[in-house]
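Reviewing the structure listed below.
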Amino acid sequence: MTLEFSRLFSRVLPKGQGRGLVIAGSAIVGFIVFLAIFAPFLTAYDPTHPAGLSMVPPSADHPMGTNTLGFDLYSRMLYGGRTILIVVLFSTFLSMICGMPLGLLSGYLGGVVDRSLSVVMDSIYVFPGLILAIAMAAVLGPGITNAAVAIAIVYIPTYFRMIRGHTLSIKEQRYIEAVRSIGAKTRTILFGHILPNILPTLIVIFSLNVADAILTEAGLSFFGLSVPAPTPDWGYDLRAGQPFLPSGSWWLITFPGLMIILLAIGFSLLGDGLNEMTSP
Amino acid sequence: MNSKEVNSQNILAIKGLKTYYPISRGIVKAVDDVTLAVSKSEFLGLVGESGSGKSTLGLSILRLIPPPGRIVEGSILFDGSDIIQISNAQMRRLRGRKISMVFQDPMTSLDPLMKVGDHIVETVRWHENITKSEAVARAKKALDLVGIGSERFQDYPHQFSGGMRQRVMIALAICLNSSLIIADEPTTALDVIVQGRVLDLLSDLREKYGLTLMLITHDLAAVIERCDNVAVMYAGQLVEHGTRRQIGMDPLHPYTQGLLKSTPNIRVVSSKSSFIGGTSPDMTNPPRGCRFHPRCAFAKDTCRREVPVLTNQNDGRTVRCFLYT
Amino acid sequence: MNEFVKVVSLKKYFPVQKGALERLASRTRDYVRAVDGVTFTIEKGRVMTLAGESGSGKTTTGKMILRLVEPTEGHVFLGGTDVASMKGETLRKYRRRMQMIFQDPYASLDPRQKIGDAVSEPLRVHGISNSSERRQLAIQMLQKVGLTPPDDFFNLYPRNMSGGQRQRVAIARAIILHPDLVVADEPVSMIDVSLRASILELMLKLKAEFDLTYLFVTHDLAVAKEISDTVAIMYMGEIVEIASKEELYTKPTHPYTICLLSAVPVPDPDNVSHRIVPKGEISSVVHPPPGCRFNPRCPFAQAVCNEKHPDLQEMREGHSVACFFPQENNGLIDP
């Protein structure tokens, strides 16, 4: 049994530079996902209702203390994981399914299609991510879906550019010329040959993008433009706790901050590791 | 051992050389026990196909094996001293100066942002303590000698064709007064007429300056035409080493015979070349016993079990084959 | 004469990229005349080779015939139909009748595709039969090209195979549609010498079996001798000599052909090298010399060669040369 497993392990994750990073990254992300999923079993408190006295420092009852409204911070961290993961994964996925086909088409067809799409994408790309997200969120209004859409828009150009670049280089490969000489239609070439060769890059971009999106989401919710209170949200808690730092209530911002950083690092390591593994 | 090895006229004496590369699925034994001697002013042709280890041998002599590959065993005596044992700094002084290498793709050996003349001058001055004007004069003379012309001193690499860039590399080797030039597939990327000219140039320079030349190539015909001696490599080992007449008229090793039969002769119109059955061996796991045995028409039981050693023949050549022991 | 493939005055001119200032300064556009009026025919079931050095235009000619490169001018008749003027869906469907074998066995196969799928892809693309039948046809083809057991090879990826094996896959893929014409671009130049003859033998065997017609493109005159029926020597975009294999190798008459043949190394230690070397380097392709393009380098050139352009003239039955002073009886070769 263990022999089979270790053989499978070595095939999926061959020994190489990226392996350690992928393992570390997956461990961190896996851990937070676990916490988020099993939150109800890990804490008795409801993160949206007062659980005790307010401003209680970390103690046996409240391992991470309570906030200004008396919500238990530990449960808010656990449930907050759900919020951020949902928003971020959904929005990155949205970015991918919008940006990727456009990048493919643009790179393969070239000409006027490529030029016009590139102009549009570049003008979006030019904006610093958070600012654009804030602007989008302000226009769309608060709410979890709107936040996801706002973030999605920010990252569409990233996918577009990377996929387009990759398509451009793969397009020139000899095997694409060979398939064209067989008489394959453009559709077959794009989805049967170029896309499979882009897939590894896509996975890497996805992972690194999520890391970035986490910080953007945290930023959005920091400004109250993401999910409405009292839905547990790390960015929101960060903002809420910030004024109390000088007075010594360190736990209000430390834990949300730590969670954001940890999740972002986790995805970053994963993305970097995958990048090393898929590079020739 | 080959009687040539003891010859004090040997500029290069390789003994028991092993160069291995570790890769994910094993160790590539690229050069696996090669013993070879080259005398002064000799023109040696080292012939082999993919996986033979011929390029690795060339790189080993210059200690340019990229890590994690490394020379695992053996000695390389150049002018008497073992260059495997000397320090990196000493090797750097030797490399390019006494021993030069001309590579297959000269575009990557030449700095595209540097005029070729300046490149030569800078390299020479790194190795020797001479004035700039002296170096420039030497460089111009060398460019003339190789047929490029000193007037092209100020040109950039991209302004030259492939054949001419090769000649720039040869000019560099001359400037440095290299006594040994190793050319690794110098003409593979070139057209046949240009190939002829580059090889002619090397031959001429050898005549004029007494250079020692090692030509590493897969082109057996070119080697038989021009070289003094021919060494044939297969799967990391030397399988036959003799004069060009011996190899060209009467090859002993079945692989050499097969290779010769596979080399077309354009002068005999009705001739047809043949091929050697099977595929080249997996260098992480070469066949047991004689490495050529799976493809050999004469393979016996011994060949499958034991590794033949290089033995001297009456006519002075060496062969690694049980047919001749 | 059975003119199965007929190429007429095929040309390919590439515009030279110029900077904005240059473009303002000069009135005319400059062109690289990569292929400048190539005409030849191939009989059905025969092998024609376009031989020449780099820059001769041989590969571009081959690709134009398959419409992988768009001709600037000229016609390509395949069994009477002009391929050069086809467009869109008609062209795409017609492609099944003309296929290519590429030079690089490592680059011409999709690394993420099983080779069995690569071989059956042409069938899929042209909507031939169903999935399981296609698989069967692919397996049969793998058998024919010597990749046995074919069921095992079907599931391999290119990275698990040697160069020689990959080239066999490329051949299988090119032949599976039973095309009328196969263009092979240097199919053995990246294969070990000791294996080349086996690939060439395979190609000839398949030609007989499937009644194929080949256009071979190569710089290697020794390889051309092994496989051709007819050889055309190209220089700077033009055919300078065209003849049957026997004629060309025993009685080469164009000075360039003679230089080329004399430069090929011979595995014979007694071969006294009488290399005839052309002077200088290849001329500018943007502004070729007036008259004969080879004249600045030709050891036999005379004044007229720089003034008038020699056209391809039939010297003997089936042997044409483009030269004012064809060099006969030079005794280079033993038949």
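What follows is calculated from the coordinates using simple rules that are stated; it is not laboratory data. What you see is a predicted model; the values in this text were computed from it and never measured. Please note: Cβ atoms are built from the backbone with ideal geometry, for glycine as well, and neighbour counts cover all protein chains shown.
General observations
- Estimated from the Cβ-Cβ distance and a Förster radius of 56 angstrom, the FRET efficiency linking B:Asp82 and C:Ser273 is about 0.90.
- Where a label projected 7 Å from the Cα of C:Gln140 along Cα→Cβ would reach, residues of region C:161-205 with amide N under 12 Å: C:176-178
- Amide H contacts under 5 Å for B:Met101, placed H, 5+ residues apart: B:Gly96, B:Ile182
- Shape of chain A, Cα gyration tensor, a/c cut at 1.5: oblate
- For the segment A:182-190, counting C-beta atoms of other chains within 10 Å of every residue's C-beta and taking the mean gives 5.
- Rounded to whole numbers, the Karplus 3J(HN,Hα) couplings from phi for region B:289-297 are x, 6, 5, 8, 4, x, 10, 9, 5 Hz, using 6.51 cos²θ - 1.76 cosθ + 1.60 with θ = phi - 60°, and x at Gly and Pro.
- Excluding exposed DSSP-loop trypsin sites (Lys or Arg not before Pro) (at most 14 other C-beta within 10 Å), longest clean stretch of chain A: A:16-184
- Label-point separation in nm, C:Arg159 to B:Gln313, each point 7 Å along Cα→Cβ: 4.3
- Backbone amide hydrogens, once placed in the peptide plane, bring C:Val32 within less than 5 Å of C:Phe14, C:Val16, excluding anything fewer than 5 places away on its chain.
- Counting only residues at least eight positions apart within a chain, or on another chain, the lysines with an alpha carbon under 25 Å from that of C:Lys93 are A:Lys171, A:Lys185, C:Lys6, C:Lys11, C:Lys12, C:Lys44, C:Lys63, C:Lys114, C:Lys207.
- Look at where the Cα atoms of region A:236-260 and of region C:171-221 average out, and the two centres are 72 Å apart.
- At R0 = 45 Å, FRET efficiency that the Cβ-Cβ distance of C:Arg97 and B:Lys40 yields, to 0.05: 0.15
- Rounded tilt (10° steps) of A:2-12 against the dominant C-alpha axis of chain A: 60
- For region B:66-79, backbone phi angles converted through the Karplus equation (6.51, -1.76, 1.60; θ = phi - 60°) give residue-by-residue couplings of x, x, x, x, 6, 6, 8, 7, x, 9, 10, 8, 10, 6 Hz, Gly and Pro being listed as x.
- Loop-resident sites, region C:230-297, for trypsin sites (Lys or Arg not before Pro), counting at most 16 other Cβ within 10 Å (DSSP): C:Arg275, C:Lys279
- Among the chymotrypsin sites (Phe, Trp or Tyr not before Pro) in region C:82-174, none sits in a DSSP loop with a Cβ that has at most 14 other Cβ atoms within 10 Å.
- Label separation (B:Asn177 vs B:Asp250): 4.3 nm, computed from points 7 Å beyond Cα along the C-beta direction.
- Using distinct alpha-carbon pairs, which all enter the 1/r mean, Kirkwood radius of the protein assembly as shown in Å: 32.5
- Sequence-distant lysines (8 or more away, or on other chains) whose Cα lies within less than 23 Å of B:Lys54: B:Lys4, B:Lys15, B:Lys18, B:Lys29, B:Lys40, B:Lys98, B:Lys261
- Residues whose placed amide H lies under 5 Å from that of C:Val183, excluding near-sequence neighbours: C:Gln99, C:Met100, C:Ile101, C:Leu215
- Placing dummy labels 7 Å off each Cα toward the beta-carbon, the span from A:Leu245 to B:Asp200 is 7.9 nm.
- Virtual paramagnetic centre 7 Å along Cα→Cβ of B:Gln154, amide N under 16 Å, in region B:102-124: B:114-119
- Spin-label zone in region A:188-214 - amide nitrogen under 20 Å from a point set 7 Å from the Cα of A:Ser279 along the C-beta vector: A:197-212
- Loop-located trypsin sites (Lys or Arg not before Pro) in region C:1-57, at most 10 other Cβ atoms within 10 Å (DSSP): C:Arg27, C:Arg29
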